[in-house]
1. Return the residue satisfying two criteria in turn: it lies in region 115-133 and is assigned to a strand (DSSP E or B) and out of contact with any helix residue (DSSP H, G or I) (no Cβ under 9 Å at 6 or more places or on another chain), and of such residues it is most open to solvent (accessible area, probe 1.4 Å).
2. Name the single residue, out of those in region 136-155 being buried (at least 20 other Cβ atoms within 10 Å of the Cβ) and of a type outside the set (A, V, I, L, M), that is farthest from G203 (Cα to Cα).
3. If you go through region 180-195 one residue at a time, how many are among the hydrophobic types (A, V, I, L, M, F, W, C), out of contact with any strand residue (DSSP E or B) (no Cβ under 8 Å at 6 or more places or on another chain) and either on the phi > 0 side of the Ramachandran plot or not in a loop (DSSP other than H, G, I, E, B) (or both)?
4. What do you reckon, is S258 of a type in the set (S, T, N, Q), modelled with pLDDT of 90 or more and either closer than 18 Å to A200 by Cα or not in a helix (DSSP H, G or I) (or both)?
5. Any chance region 59-70 includes a residue that's surrounded by 20 or more Cβ atoms within 10 Å (Cβ to Cβ), closer than 17 Å to A8 by Cα, touching a residue at least 24 places away in the same chain (Cβ under 8 Å) and touching a Lys or Arg at 6+ places or on another chain (Cβ under 7 Å)?
6. Taking the condition in contact (Cβ under 8 Å) with a residue 60 or more places away in the chain, open to solvent by 10 Å² or more (accessible area, probe 1.4 Å) and touching a strand residue (DSSP E or B) at 6+ places or on another chain (Cβ under 9 Å), does S87 pass?
7. All but one of (1) more than 16 Å from the chain's Cα centre (by Cα); (2) within 30 Å of T33 (Cα to Cα) hold for A173; state the number of the condition that does not hold.
8. Restricting attention to region 91-114, which residues are within 21 Å of V37 (Cβ to Cβ), among the acidic types (D, E) and in a loop (DSSP other than H, G, I, E, B)?
Amino acid sequence: MSVTSSVALGTYNGAQYVGEQLASILGGSVLPTEIVVSDDGSTDTTLTEVREALREAERRGIRTQIIEGRAGGVTANFARAIAACSSEVVVLCDQDDRWHTSRLASALHAFEADATLLFQHANAALVDGAGSDLDLTLFEALSVRPEDRERINAGEAFEVYLRRNLATGATVAFRRSLLEAAAPLPAEWVHDEWLAMIAAALGSGTGASTVAVTDAVLIDYRQHGSNQIGVAKPTLLYRIQRMLGTDPNRNRLLATRSRILAKKLAELDGVSAERRELAEAKARFELHRATMPPGHLARIPAVWRASRGGGYQRFASQGSLDILRDLLQTGRAGSSL
């Protein structure tokens, strides 16, 4: 492979799995140029496991780096790892997964084949804590439809991601030049979502795409109850339970995130006027949701107004189900957002 690659691995108390993860990277058909591990203050033997595995990586000619000390959470930890990477392509890596032998080769092939590609993500097999197959893929769990993938690969990733994120960090690779546009990574966003949005915003929307997605299953994505971010089978019962259990501050966070994105795109070269306006429309929609009256009955007119222009279908992650979520939710009136 002519494209150089850095693995950005974030760790925190991951001694149980991180050795197996690093071994799977070293077992790939293509090896990375560099492995950067940022540890967010682990108190177990994570760093012992990491050092042992990286000694083997160095014997194979891979550059390695370990960054220690508290970073302040998953986004800050990955931001620190990413900033230390020096290769052309950065591949994100969770501490508790397993890479398939073709994981890195598949990503690098995509970047070699398309010089305009900035960001790529893939599918994954869900496994349990012991590594046993759960007979469910990541895209099945996220209800990623074939038409979603087609739109992303056709240059409409921004419109898809503006409604809901479909890129999971453990499956992501991106061109390091994307950081020039995306930095700094805001604390209110998860790093993978932010990078996906910025890469998608820079696309032309006319058939060419700066973002690509593949349905290829390239990693085992471990679900063990302690994941920073996990997924489950999207049954109707599961979706209803999630909806009923929604954090009352969710809409306020969505409004804050949407405003941060709209502000970023207004200042960023290479973003079309149409996409800037879409981001502004999303920010207005989420602000409206965040400032609805707190009482159930009082929310009905506000929800109706939000639904009139098709905002739920264009911008809400669960579409019409979010209408029900907003009707059932109680919130704070008079938000200063």
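The values are calculated or read from the model by the stated rules, or taken from the named source; none is laboratory data. No experiment lies behind these values; they were computed from the predicted model shown. Note: ideal-geometry Cβ built from the backbone for every residue, glycine included; neighbour counts use all protein chains shown. Side chains included, ligands, DNA and RNA excluded: accessible areas come from the protein's heavy atoms. Shrake-Rupley method; radii C 1.70, N 1.55, O 1.52, S 1.80 Å.
1. Checked region 115-133; the qualifying residue most open to solvent (accessible area, probe 1.4 Å) is D133.
2. Ranking the qualifying residues of region 136-155, first place goes to F139.
3. Total satisfying the criteria: 3.
4. So S258 passes the test.
5. No, because not a single residue in region 59-70 is surrounded by 20 or more Cβ atoms within 10 Å (Cβ to Cβ), closer than 17 Å to A8 by Cα, touching a residue at least 24 places away in the same chain (Cβ under 8 Å) and touching a Lys or Arg at 6+ places or on another chain (Cβ under 7 Å).
6. On the way: in contact (Cβ under 8 Å) with a residue 60 or more places away in the chain: yes; open to solvent by 10 Å² or more (accessible area, probe 1.4 Å): no; touching a strand residue (DSSP E or B) at 6+ places or on another chain (Cβ under 9 Å): yes.
In short, no.
7. (1)
8. D96, D97 - these are the residues of region 91-114 that are within 21 Å of V37 (Cβ to Cβ), among the acidic types (D, E) and in a loop (DSSP other than H, G, I, E, B).
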